[in-house]
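Note sheet for the following structure.
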Amino acid sequence: MPYRDRTTVERWVNEYIVSHSADSLGVAVLDNNFESGPNSGMVVVTLRSASTITLLHPEIRLGLPVWVVTFEGRSASIDMDDADLRLLADDIARLAELRSFLQEKTDAVVLAH
C-alpha cells in the first residue's frame, strides 16, 4: 500500500513540515528496506526536551490502517523544569498534528482504492 512506501511517507512528512512550520520537531523517515513489513513507512520524531525514541507507524486495526505513536521504553528517569515541560507539551501537540495529518493522507489513499 502507498501509505507504507518510503517515498510517499517522506513526501507527506515534507508536505506537513512546509504547511505547518513544524521545524521544531526533528522528523525523519527511517532509512530502511521498505518492503511490506512492520517497519515500512516508519517515521522517527526527535523531541526537544526528552531523549525518548518516538515513532509513528501504521498498524492494521479492524482491517484498516491506523497511524499510531510509540514511545519506546526508557532505562532512566527524566527530570524537567517548567521550560522543558512546555517544550515537551508543544512537541507532543505537534506530534499529534503530524499523526492526524498522516492518518488523513492514508484515509484518502484507502478511499481511492
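No lab work stands behind these numbers, since they all come straight from the coordinates. What you see is a predicted model; the values in this text were computed from it and never measured. Backbone-built Cβ (ideal geometry, glycine too); neighbour counts: all protein chains shown.
Some notes on this structure:
- The range 2-112: radius of gyration over Cα atoms, expressed as a fraction of 2.2 N^0.38 Å: 1.10
- Near residue 52: Cβ cut-off under 12 Å, other residues only, Lys/Arg at +1 and Asp/Glu at -1. The net charge is 0.
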